[in-house]
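Heads up, the thing below is written out as structure tokens.
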Amino acid sequence: MLHRALFGSLERFTGILIEHYAGALPLWLSPVQAIVTPITSEINEYGEEVYKSLKKAGIRVEKDLRNEKISYKIRENSLKKIPFQLILGKNEIKERSITMRVFGSDKQEKIKFENLNDFFIKKCMMPSQQ
């Protein structure tokens, strides 16, 4: 008699992978690679533009347009272990830029809107494609 575990080994592998990375999966493997987080509801329109641009480029992105304090949104999204948080405020609209917070780092980076897609496409490649 032969024993086959079609999904058992896949489930075990997924469990080991999640345990190994402690839930903070590498960017190319993460189910949500970035989240767009506007500071106030006045900036939601720019947030939608950033979201649509990344979605069109094939990046797994979500948006957090809730009317909550920005510190609450940042903390909540950090607990979800989302690799990149894209913070948008009035200065970012003026400069057509995005402030990025990388998971596990306190530093923030600014990037121009027109360079955002190229940045994410390069970062989100699987290691074998780099």
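From LYS81, LYS52, grab the single residue that is closer than 25 Å to ILE121 by Cβ and modelled with pLDDT of 95 or more.
On the way: LYS81 fails: modelled with pLDDT of 95 or more.
It is LYS52.
When region 74-83 is limited to residues that are of a type in the set (A, V, I, L, M) and farther than 21 Å from GLU45 by Cβ, the one that is surrounded by the fewest Cβ atoms within 10 Å (Cβ to Cβ) turns out to be LEU79. Scanning region 100-128 for residues that are among the acidic types (Asp, Glu) and at pLDDT below 90 yields one hit, ASP106. A single member of ILE59, ILE74 is aliphatic (A, V, I, L, M), at pLDDT 90 or above and more than 11 Å from the chain's Cα centre (by Cα), and it is ILE74. Taken together, the residues in region 35-48 that are in contact (Cβ under 8 Å) with a residue 40 or more places away in the chain and under 14 Å from PHE113 (Cα atoms) amount to 3. Sort out which residues of region 100-130 are acidic (Asp, Glu) and under 20 Å from GLY89 (Cβ atoms), and write them in order of number. Across region 100-130, the qualifying residues are ASP106, GLU109, GLU114.
Looking at the structure I just gave you, is GLU68 buried (at least 19 other Cβ atoms within 10 Å of the Cβ) and more than 16 Å from the chain's Cα centre (by Cα)? No: the conditions fail for GLU68.
If you check LEU27 against the conditions, is it touching a Cys at 6+ places or on another chain (Cβ under 8 Å) and surrounded by 12 or more Cβ atoms within 10 Å (Cβ to Cβ)? So LEU27 fits the description; yes. Looking at this structure, is LYS81 in contact with a Gly (Cβ under 6 Å, 6 or more places away or on another chain) and not in a helix (DSSP H, G or I)? Yes; evaluated as a whole, the condition is true for this residue.
The values are calculated or read from the model by the stated rules, or taken from the named source; none is laboratory data. Here the structure is a predicted model, which means the values were calculated and not measured. Ideal geometry is used to build each Cβ from the backbone, glycine not excepted, and the neighbour counts take in all protein chains shown.
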